[in-house]
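The values are calculated or read from the model by the stated rules, or taken from the named source; none is laboratory data. Bear in mind the structure is a predicted one, so any value in this text is a computation, not a measurement. A quick note on method: Cβ atoms are made from the backbone with ideal geometry, for glycine too, and the neighbour counts reach across all protein chains shown.
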Amino acid sequence: MHHFQHDGLSFYQLVHMNSSSSRGIRSVIAASSVGTLIEWYDFYIFGMLAKTISTQFFPEGNATAALLSTLAIFAAGFIVRPFGALVFGRLGDLIGRKYTFLLTLVLMGGSTFLIGLVPGYKTIGIAAPLLVLLLRLLQGLALGGEYGGAATYVAEHAPTGKRGYYTSWIQTTATLGLFVALGIIMLVKLNMSDDAFNAEWGGWRYPFWISILLVGVSVYIRLRMQESPLFSKLKAEGKTSANPLKESFRHKANFKMVLLALFGAAMGQGVIWYTGQFYAQSFLETKCNIGFEQSRTIMLWGIAFATPFFLFFGWLSDKVGRKWIMLAGMLLGILTYRPIFNYFLQATDSKSWLAEEGTATMPPVVKMEAVKNSTDSVVLTTASFSLADGRKYTAIKTDTLRLTSAFLVPGKTSLINKEVSTGIYWKFVGLVFLLIVYVTMVYGPIAAFLVELFPTRIRYTSMSLPYHIGNGVFGGLVPFIGLLLTTTYPADPLVGLWYPIGIASLCFIIGAVYLSNKIDENVDD
Amino acid sequence: MKNIKKILGVCWLLLAPAIIYMLVHGAVTHIDPTGNKDINNPVIWIIIILIFTPVAIGLMIFGVYALKGEYNKLPGKSEDFE
């Protein structure tokens, strides 16, 4: 785009002579990335501790609490995040990037800390789920406003030719936030008993309390930063938008780019992002029945090895353009999701594990439970085994005892807490790594891509909405649509993958046909 | 390429109402107050239909723009947005 001329030097050159020294840009990236990482951490811990949170705040058998729980899980991600993008995007284009993403950080940190302080349902009754819902909605709102601000702020400091690389640091934060959340929860959980962790004021609250320390540090760092030079210049010249929402969505020239950003990039990115990180973890735990510790460490290794690729693909996008890297990530997901997830299933197939002779590592424990409204009882026999190559599992055999005839009807055996052998473990790590590399391909360059699509005066608003609809709505629906498909077509355990494959395919076609691969040299207009 | 963009525009235009139909059909089929799965929960379906209807309408508008050739040349600088 065009340069503002001043004494023979462009505005772009002037700005970067003054503010883009390597030390300056490092501070800009650090201040933005740390805050965004903390916001993702705050958002994730709620989801990861959902089971404990629901026991504490949303008890079963209470219809109102169940409704509030549903709203806390679904409304926070689907409605409030895009709404936060509009509210804070508008604010960021009116008053500036720095103060807006400072506000979102304080809002997020405060809400997270306060969730950790809300007494349980047993102590304050229905007020507990109401307060948690309110705070969760505030979290969603803050997250909706944060990302656009951080990406815009870094991009508006970055010199030409390095925008993809510099903004890719922001792109690492979502995955690193997940990594930190997984790590901290695991650390707390492994250092206390299950009872101590799940108690009303137990260990599950620590990750929420830790947030306030992290946010405090981040706010301090961000307060010392200057406003984006491009926004400051626009403001000094009186050229900021008077109504960013109207300009973004009611002016056809801009609105058509918002639609293109959503359908040609953001929605495909959302499903690839979600499938590689969350669907994979849930699949390993619930479909493959791998135990807590192994399934978490597989994810942690995969994330740790793949995270540098965010930076690599951000850097590469500065050399070869953003479009084809993002689309290649989608295409790889489309082509390999089913074989990869099928391998997870085959390697943990209960039938083949049971067919092998195992050594009992724990004597069988037999429990009898009465069946409601019947004279029959269920007999549960639990026993643990290990196999020759190091695999371990707990088998639960469920038989029915007919009291009228004193006849034991043999039932099925299900395996839980599976531990795969070392060789398979590292193969799983490799495959999860691959899934997250796809994430880095679609996600690494997308901040620079979105920033370059829109003009400075409405950039925050225009890029935030498609990003959060793509990531939050399309991505967030992966488990729900997966469940819907699995229920409708129960014969195929991989049927849930057709949703991310379908959305990524649609996005791939739209992106390939309509997007340009040209890198915008200047974003200072 | 311009013709492909326009022809595909018709696809996007038709895909949007199909998505809305599928969602409403899915809701009618699966909502069950006695069920305990997420897909039986009417509140979740209401949220999803509420959020996806405007997105599907957006896809229709995208199709109309594509059909009119609005994406034949993408804006390169601020003036193009005026």
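Which of the residues spanning region B:58-75 are more than 7 Å from every other protein chain (Cβ to nearest Cβ) and not hydrophobic (A, V, I, L, M, F, W, C)?
Correct list: B:GLY63, B:LYS68, B:GLY69, B:ASN72, B:LYS73.
Mind telling me which of the residues A:ALA491, A:ALA504 ends up being in a loop (DSSP other than H, G, I, E, B), away from chain B (no Cβ under 14 Å) and either more than 30 Å from A:THR100 (Cα to Cα) or touching a Leu at 6+ places or on another chain (Cβ under 9 Å) (or both)? Quick ask: steps written out before the conclusion?
On the way: A:ALA504 fails: in a loop (DSSP other than H, G, I, E, B).
Selected residue: A:ALA491, the only one of A:ALA491, A:ALA504 that is in a loop (DSSP other than H, G, I, E, B), away from chain B (no Cβ under 14 Å) and either more than 30 Å from A:THR100 (Cα to Cα) or touching a Leu at 6+ places or on another chain (Cβ under 9 Å) (or both).
Which residues, taken from region A:467-494, are over 23 Å from B:VAL55 (Cβ atoms) and touching a residue at least 12 places away in the same chain (Cβ under 8 Å)?
Of everything in region A:467-494, those that are over 23 Å from B:VAL55 (Cβ atoms) and touching a residue at least 12 places away in the same chain (Cβ under 8 Å) turn out to be A:PRO493, A:LEU494.
Quick one: which of A:ALA128, A:ALA151 is over 21 Å from A:ALA447 (Cα atoms) and in contact (Cβ under 8 Å) with a residue 12 or more places away in the chain?
Details: A:ALA151 fails: over 21 Å from A:ALA447 (Cα atoms).
Every option except A:ALA128 fails the conditions.
Kindly state which helices (runs of 4 or more DSSP H) lie completely within region A:438-488 and contain at least 1 residues that are of a type outside the set (S, T, N, Q) and under 30 Å from B:HIS30 (Cα atoms).
Numbers: elements: A:446-453, A:459-468, A:478-488.
Per the criteria, A:459-468, A:478-488.
Name the one entry in A:LEU331, A:LEU311 that is out of contact with any Asp or Glu (no Cβ under 7 Å at 6 or more places or on another chain), under 22 Å from A:TRP40 (Cβ atoms), assigned by TED's automatic domain parsing to the domain that holds A:GLY496 and of a type in the set (A, V, I, L, M, F, W, C). Outline the logic, then answer.
Numbers: A:LEU331 fails: under 22 Å from A:TRP40 (Cβ atoms).
Result: A:LEU311 is the single residue among A:LEU331, A:LEU311 that is out of contact with any Asp or Glu (no Cβ under 7 Å at 6 or more places or on another chain), under 22 Å from A:TRP40 (Cβ atoms), assigned by TED's automatic domain parsing to the domain that holds A:GLY496 and of a type in the set (A, V, I, L, M, F, W, C).
So, A:VAL513, is that one free of Cβ contacts under 8 Å to residues at least 40 places away in the same chain, out of contact with any strand residue (DSSP E or B) (no Cβ under 7 Å at 6 or more places or on another chain) and more than 26 Å from A:PHE341 (Cα to Cα) or not? Lay out the reasoning, then the answer.
Working: free of Cβ contacts under 8 Å to residues at least 40 places away in the same chain: yes; out of contact with any strand residue (DSSP E or B) (no Cβ under 7 Å at 6 or more places or on another chain): yes; more than 26 Å from A:PHE341 (Cα to Cα): yes.
Judged against the criteria, A:VAL513 is a match.
What do you reckon, is A:ILE446 surrounded by 24 or more Cβ atoms within 10 Å (Cβ to Cβ) and out of contact with any Leu (no Cβ under 9 Å at 6 or more places or on another chain)? If you could, list the steps in order and put the result at the bottom.
Working: surrounded by 24 or more Cβ atoms within 10 Å (Cβ to Cβ): yes; out of contact with any Leu (no Cβ under 9 Å at 6 or more places or on another chain): yes.
Yes: the conditions hold for A:ILE446.
Taking the criterion of being modelled with pLDDT of 85 or more, touching a Lys or Arg at 6+ places or on another chain (Cβ under 7 Å) and surrounded by fewer than 16 Cβ atoms within 10 Å (Cβ to Cβ), would at least one residue in region B:54-71 satisfy it? Before you say what the answer is, go through the steps one by one.
Initially, region B:54-71 is screened for residues modelled with pLDDT of 85 or more, giving B:54-71.
With touching a Lys or Arg at 6+ places or on another chain (Cβ under 7 Å) added as a condition, the list becomes B:65-67, B:69-71.
From what's left, surrounded by fewer than 16 Cβ atoms within 10 Å (Cβ to Cβ): B:69.
Checked against the condition, which is being modelled with pLDDT of 85 or more, touching a Lys or Arg at 6+ places or on another chain (Cβ under 7 Å) and surrounded by fewer than 16 Cβ atoms within 10 Å (Cβ to Cβ), region B:54-71 yields at least one hit.
Condition test on A:ILE73, is it surrounded by fewer than 18 Cβ atoms within 10 Å (Cβ to Cβ) and at pLDDT below 90? Let's see the steps before the verdict.
Values: surrounded by fewer than 18 Cβ atoms within 10 Å (Cβ to Cβ): no; at pLDDT below 90: yes.
Spelling it out, it is not the case that A:ILE73 is surrounded by fewer than 18 Cβ atoms within 10 Å (Cβ to Cβ) and at pLDDT below 90.
If the Cβ limit is 7 Å and pairs must be 6+ apart or interchain, which residue in region A:419-448 that is among the polar types (S, T, N, Q) pairs with which residue that is crowded, with 19+ Cβ neighbours inside 10 Å and assigned to a helix (DSSP H, G or I)?
A:THR440/A:ALA306; A:THR440/A:PHE309; A:THR440/A:PHE310; A:THR440/A:PHE313
Any idea which of A:GLY216, A:GLY276, A:GLY268 is within 14 Å of another protein chain (Cβ to nearest Cβ) and touching a Gly at 6+ places or on another chain (Cβ under 9 Å)? Before the answer, list the steps.
Details: A:GLY216 fails: within 14 Å of another protein chain (Cβ to nearest Cβ); A:GLY276 fails: within 14 Å of another protein chain (Cβ to nearest Cβ).
Residue meeting the stated conditions: A:GLY268.
Test A:LYS122 against the criterion of being of a type in the set (D, E, K, R), farther than 30 Å from A:LEU450 by Cβ and in contact (Cβ under 8 Å) with a residue 40 or more places away in the chain, and give yes or no.
Details: of a type in the set (D, E, K, R): yes; farther than 30 Å from A:LEU450 by Cβ: yes; in contact (Cβ under 8 Å) with a residue 40 or more places away in the chain: yes.
For A:LYS122, the condition - of a type in the set (D, E, K, R), farther than 30 Å from A:LEU450 by Cβ and in contact (Cβ under 8 Å) with a residue 40 or more places away in the chain - is met.
Can we say B:THR34 is in a helix (DSSP H, G or I), without any contact (Cβ under 8 Å) to a residue 60 or more places away in the chain and polar (S, T, N, Q)? If you could, list the steps in order and put the result at the bottom.
On the way: in a helix (DSSP H, G or I): no; without any contact (Cβ under 8 Å) to a residue 60 or more places away in the chain: yes; polar (S, T, N, Q): yes.
So B:THR34 fails the test.
Output the number of the condition that B:ASP38 fails; it satisfies all remaining conditions of (1) of a type in the set (D, E, K, R); (2) within 10 Å of chain A (Cβ to nearest Cβ); (3) exposed (fewer than 13 other Cβ atoms within 10 Å of the Cβ).
So B:ASP38 meets the others, but not (3).
Failed condition for B:ALA16, given (1) more than 10 Å from chain A (Cβ to nearest Cβ); (2) more than 27 Å from A:ILE519 (Cβ to Cβ); (3) over 16 Å from the mean Cα position of the chain (by Cα), with all others met?
Every condition holds for B:ALA16 apart from (3).
Name the residue, out of A:ASP389, A:ASP399, that is surrounded by fewer than 13 Cβ atoms within 10 Å (Cβ to Cβ) and outside the structural domain of A:PHE341 (by TED's automatic domain parsing). Break it down into steps so the answer makes sense when it comes.
Values: A:ASP399 fails: surrounded by fewer than 13 Cβ atoms within 10 Å (Cβ to Cβ).
On inspection, the qualifying residue turns out to be A:ASP389.
How many of the residues in region B:9-45 are modelled with pLDDT of 90 or more, in contact with a Leu (Cβ under 9 Å, 6 or more places away or on another chain) and aliphatic (A, V, I, L, M)?
The total comes to 5.
Can you tell me which residue is farthest from the other protein chains (Cβ to nearest Cβ) among those in region B:41-57 that are over 16 Å from A:LEU484 (Cα atoms) and either without any contact (Cβ under 8 Å) to a residue 24 or more places away in the chain or not in a helix (DSSP H, G or I) (or both)?
Only one residue tops the list, namely B:PRO54.
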